[in-house]
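Structure first, commentary second.
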Amino acid sequence: MFHKKEKETETTELSTKKGSAKNILLSAKKKMSEKNWKNSDTVQDIKKAFKHINPKKAITTLVVCVFAIYLLTGIYIVNPGEQAVVKRFGKLLPETIQEGIHYRFPTPIDEVQIVNVEEVRRADIGMSLPEHMHQNDNPQKIQLLTGDENIISSEAIVHYKIKDAAKFLYSVNQNDEKLVRESVEAALVQAMANMAVDDILSTEKVQQQNAVMQMTQETLDAYDVGIQITAFNIKAVNPPDEVSEAFRDVTAAKEDKETQINDANGYYNSLIPEARGKASAIISEAEGYKTEAVNQAQGDAEKFELMLQEYKNNSQIYSSDTTKYRLFLETMEKVLPNVKKYIVDAEDNSIDIKLLDPQMGSSILGTE
């Protein structure tokens, strides 16, 4: 038993010595390889190539370059139609940045948020168009009570855009579409409650659109959220199903009435100017004839007065009968061409007046 333990001990000591010898041999080989590597030509060439470089200067230059690149990360661009706001250590700076190239302190000192203020956004009221991707929730159908206590359902679309990036980013709780939709719905309730259903379905639709748009903008301005309403359109106002046919008939009748009134006004507007033009032409023509007749009469009177004066001055030359006969002939020259003339050869010195006027049945004697 004792000899067996001695043999195991000897075996263990031999194994330990062999392991130690192997480790010594491996260590010697490693040192020889490192020495050979340091003495190799490649290592010597690398040492010669970088021998002139100062390690401290190299580290300093590297740090400066990294810092410069860090500072350059503060350059940012605001594109046309965008606004940017800057937060410094989490506090919002009052100035709104417009389009262009700008600089801010790099992160984490400054943080920039850019918002597109020219993009026209849309919110659906009472309906959901398939091409419109909604933010988190879809619009629900709404029913409104009119001023004459009728219930109608309404569908509308509102367009809006951002007018102040800072107010929009820090006054709106992420869902701006929902905020605009609920503001429009509140305005619709108020507007419809002050009007009869017949007016809403027919003549007052445009007026209601403008009123709802104005009230919605006033609500958003009171919230101070930096949103501007650009357009509002009521696409449909539907009465209850039980009376929809009657409402459609009333609407059609009112539209026909408006059409006929417009046609009558159009005819009136085309007829009156034409009549006035004709009246002006007739008046102008009469004024011209008046002026011509007056001038002609004045000329004839002046001519006659000159002839009378000449006759008085030469009364010894021109006898009274001669002058009267000449005036008679001149007058007949003017009159006879415009009357119908009959030449009659009467043997008994009588003329039948019926030739001149068939309605007259008597005759008179002629003179030589």
Practice problem: Check each of the GluC sites (Glu not before Pro) in the stretch 148-246 and keep only those in coil by DSSP with at most 11 other C-beta atoms within 10 angstrom; list them in order. | Solution: GLU149
Quiz item: Tally Lys and Arg at +1 and Asp and Glu at -1 over the other residues with C-beta under 13 Å from the C-beta of PHE89: what net charge comes out?
Solution: +2
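For the stretch 204-288, state which trypsin sites (Lys or Arg not before Pro) are in a DSSP loop and have at most 10 other beta carbons lying within 10 Å of their beta carbon.
none
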Self-check item: Cross-link table LYS312/LYS340; LYS91/LYS161; LYS91/LYS163; LYS161/LYS254, entries beyond 27 Å C-alpha to C-alpha
Solution: LYS312/LYS340; LYS161/LYS254
Quiz item: ³J(HN,Hα) across the stretch 179-185 via Karplus (A = 6.51, B = -1.76, C = 1.60, θ = phi - 60°), whole Hz, x for Gly/Pro?
Solution: 4, 5, 4, 5, 5, 5, 4
Self-check item: Rounded if a/c under 1.5, otherwise prolate or oblate - the stretch 167-287, Cα gyration tensor axes
Solution: oblate
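Quick one: putting +1 on the C-beta of Lys and Arg, -1 on the C-beta of Asp and Glu, what dipole do you get for the stretch 239-314 around its Cα centre, in Debye to the nearest 20?
The dipole magnitude comes to about 520 debye.
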Quiz item: Is the stretch 146-196 rounded, prolate or oblate when judged by the Cα gyration tensor, a ≥ b ≥ c being the square roots of its eigenvalues, rounded requiring a/c under 1.5 and prolate requiring a/b larger than b/c?
Solution: prolate
Quiz item: Can you give me the Cα centroid spacing of the stretch 150-221 and the stretch 226-291 in angstrom?
Solution: 30 Å
Quiz item: With charges set only on the Cβ (+1 for Lys and Arg, -1 for Asp and Glu), what does the dipole of the stretch 152-248 come to about its Cα centre, in debye to the nearest 20?
Solution: 380 debye
Quiz item: Taking θ as phi - 60°, what are the ³J(HN,Hα) couplings along the stretch 166-173 by the Karplus curve (6.51, -1.76, 1.60), each to the nearest whole Hz, with x for Gly and Pro?
Solution: 5, 5, 5, 6, 10, 10, 9, 7
Quiz prompt | Burial ordering of LYS324, LYS340, fewest other beta-carbon atoms within 10 Å first | solution = LYS340, LYS324
Exercise. Hand me the chymotrypsin sites (Phe, Trp or Tyr not before Pro) from the stretch 249-303 located in a DSSP loop with no more than 13 other Cβ atoms within 10 Å, in residue order please.
Key: none
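Would you mind classifying the stretch 182-240 by shape? Square roots of the alpha carbon gyration tensor eigenvalues, ordered a ≥ b ≥ c; an a/c under 1.5 is rounded, otherwise it is prolate if a/b is larger than b/c and oblate if not.
Details: a/c = 2.50, a/b = 2.11, b/c = 1.19.
It is prolate, given that a/c is not under 1.5 and a/b is the larger ratio.
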Quiz item: What net charge do the residues around LEU306 carry, taking every other residue with its C-beta under 13 Å from that of LEU306, with Lys and Arg at +1 and Asp and Glu at -1?
Solution: -2
Quiz item: PHE105: net charge of surrounding residues, Cβ under 13 Å, Lys/Arg +1, Asp/Glu -1, itself excluded?
Solution: +2
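Each value in this text was obtained by applying a stated rule to the coordinates, not by laboratory testing. The structure presented is a predicted model; accordingly, all values stated were derived computationally and were not measured. Positions of Cβ are backbone-derived with ideal geometry, glycine not excepted, and every protein chain shown enters the neighbour counts.
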